[in-house]
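Please read the structure below before turning to the comments.
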Amino acid sequence: MKKQKLAFNTPAAPVGDIPLESPDKLPAKIHNAYWFQGFNAVSWQICLGSPLILFARELGAPAVVLGLLAGLSPLTSMLQLFVAPHAERIGYRNLMVKGWTSRVMTLIFLALLPLAVGWLPNSYIIALLVLIMTVFTTLRGIATCSWLPWTTSLVPRSLRGFYLSRDRTFVNVASVAALAVSGLFLFDHSSMKAYSIVFGISFIGGAISLYFLNRVPDPPASCAREQKPRVQWLSLLHDNLFLRLLIFSMAVQTFVASIATFVTVFVRDQVQLQDGTILWLTAGAAVLGTLAMRPLRHRVDRFGSRPFLGIVFLWWVVYFLAWFLLAAHLVDQPFIVAPALMLLAGFFGAIYDLSLTRLLMNTVGDRTHSTEYFALHSVLISLMVGISPILWGLLLDTLRKQQYTIGGMELDGFAVFFALQWLCLGFVLLAFTQVREPSSSSTGTLLYSVFVTAPAKRITELTNRNH
């Protein structure tokens, strides 16, 4: 087969069924996408988040199983490589709706599983839990490749930051509601019925999300009907801008995102926080993530994504160092410091998610084979985030059995674990320095604008009003 030569800098023609009215306006009925994302967040925040990990931990699952549960979703995302070349021919709507409907149905079995505790050995229930989540994430992996190219085709380039800020606001508010309710039910985690109710809420949220998914505007006609020549996957890596962004994303997923599961274990086992408290803190993190959307709404389109990613990296340096100090018992008041770190992680995590997604949309969204670009990016970073929790979990299981003396300090396994995570930020920094975004500002310019220019402007306005 003759390899197709890709035109990396040639945007696809903006032809579609939905009248956008002008390049600077969002299409009609786009609010259905917000509501879909909101109710969908209620579902996945529970069935893929802290409640799932806490349930598995309550059953006595070891850290490697927790890592497996955390890694199932990204690992099954590899199915996008097989589905993406056919997504436009099948139709984004058709693929997404059918895949998401089947996905939601599996949550019925998850909701019933806690009721089997006492009737079946815990080892059997853990095996069934892994099986159910494997089916769930497989169906998700098949359908998810159509969502991002679908919304990218609908939203004008100049408004993608604005759109994503609203999108993430709905997701964060829904996450707060889901986690707050879950925390209320799971405050006393001795009852398995509480887990059944919480997983039932996940199913209801997913079912409601399907109503709004069916009302999201149709993708442009070119995306729904035009059949493009097959592309060689490796040829996509010849796109220099995409490759640099891909390497950075993979580094973040490998050395940063994988820590979330083990932070939950640390604050539960070492800081002695209750399950309900952990869920409420996760909900609070989503609240701060929502607050982060407001200042980002217009600034990210004006300054670019890269300077905000720089700010997030500075936060990671502080974040991992603080967890190390906590684990090494070098910081007093862990009941204050640990919750503060969990809350602030939601704020900066929201900034990272929006900035990276916008940069990806603007980098490859106008490419001829944008669906394949999105799929390859999702699969490769998902592969890393799927494997890394398992490997980190195996490492943590080994480290926790011993005490270490380093530099005159007595360190347990968690302290060494967090220290390794902090050192690995060097790889993330190296990858970040290679990321390119045309016409973006620097991180220093953004910080100067936020902390110097903006306050000075407000002071001047107040002074003029007083005179």
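When Lys and Arg each count +1 and Asp and Glu each count -1, what net charge do the other residues less than 12 Å away from GLN270, Cβ to Cβ, add up to?
Local charge sum for GLN270: 0.
Using the Karplus curve 6.51 cos²θ - 1.76 cosθ + 1.60 with θ = phi - 60°, what ³J(HN,Hα) values do you get for each residue of segment 25-36, in whole Hz, with x for Gly and Pro?
Residue by residue, segment 25-36 yields 10, 6, x, 5, 6, 5, 4, 5, 5, 5, 5, 4 Hz.
Mind checking the full-extension length gain between LEU330 and LEU131? Use 0.36 nm per residue of separation minus the Cα-Cα distance, one decimal, nm.
Difference between extended and current length: 67.5 nm.
For the chain, what does the helix formula give at 222 nm: sum of -39500 (n - 2.57) over DSSP H segments with n ≥ 4, over the residue count, nearest 500 deg cm²/dmol?
-23500 deg cm²/dmol
In a shell of Cβ-Cβ distance under 13 Å around LEU245, excluding LEU245 itself, what net charge do Lys and Arg (+1) and Asp and Glu (-1) give?
+3
What translational diffusion coefficient, to the nearest whole µm²/s, does segment 31-436 have by Stokes-Einstein, given a Kirkwood radius computed over alpha-carbon pairs, a temperature of 37 °C and 0.692 mPa s viscosity?
Diffusion coefficient, whole number: 151 µm²/s.
What are the trypsin sites (Lys or Arg not before Pro) within segment 51-121 that DSSP puts in a loop, where the Cβ has at most 14 other Cβ atoms within 10 Å?
Counting only loop positions with at most 14 other Cβ atoms within 10 Å, none of the trypsin sites (Lys or Arg not before Pro) in segment 51-121 qualifies.
For segment 34-83 and segment 132-154, write down the distance between their C-alpha centroids in whole Å.
Their Cα centres are 14 Å away from one another.
Calculate, for ILE108 and GLN232, the FRET efficiency according to 1/(1 + (r/R0)^6) with r their C-beta to C-beta distance and R0 41 Å; round to the nearest 0.05.
Taking R0 as 41 Å, the efficiency between ILE108 and GLN232 is 0.50.
With a cut-off of 8 Å between alpha carbons and a minimum separation of six or more residues, what is the relative contact order of segment 57-157 in percent?
49 percent
Could you go through segment 410-423 in sequence order and give the Karplus-derived ³J(HN,Hα) for each residue, using 6.51 cos²θ - 1.76 cosθ + 1.60 with θ = phi - 60°, rounded to whole Hz, and x for Gly and Pro?
Ordered by residue, 3J(HN,Hα) equals 8, 10, 8, x, 5, 5, 5, 4, 5, 5, 5, 4, 5, 5 Hz.
Using only Cα atoms, locate the centre of segment 306-364 and the centre of segment 158-207, then give the distance between them in Å, rounded to an integer.
Taking the Cα centre of segment 158-207 as reference, the centre of segment 306-364 is 21 Å away.
Taking the simple approach of a point 7 Å from Cα along Cα-to-Cβ for both THR101 and THR445, what is their distance in nm?
Modelled inter-label distance: 4.9 nm.
Which whole-number percent gives the relative contact order of the chain, counting Cα pairs below 8 Å spaced six or more residues apart?
That works out to 28 percent.
If I take R0 = 35 Å and measure r between the Cβ atoms of LEU391 and LYS29 in this structure, what FRET efficiency does the formula 1/(1 + (r/R0)^6) give, to the nearest 0.05?
With a Förster radius of 35 Å, E is 0.20.
Find how much the distance from VAL317 to ASN94 grows on full extension, using 0.36 nm per residue of separation minus their present alpha carbon separation; answer in nm with one decimal.
Separation in residues times 0.36 nm, less the Cα-Cα distance, equals 76.0 nm.
Which residues in segment 157-199 place their backbone N less than 18 Å from a point set 7 Å from the Cα of ALA116 along the Cα-to-Cβ direction?
Residues 192-199 qualify, since their backbone N sits under 18 Å from the label point.
Each reported figure results from applying straightforward, stated rules to the coordinates on display, with no laboratory input. The shown structure was predicted, so the numbers you read here are calculated from the model rather than taken from an experiment. Backbone-built Cβ (ideal geometry, glycine too); neighbour counts: all protein chains shown.
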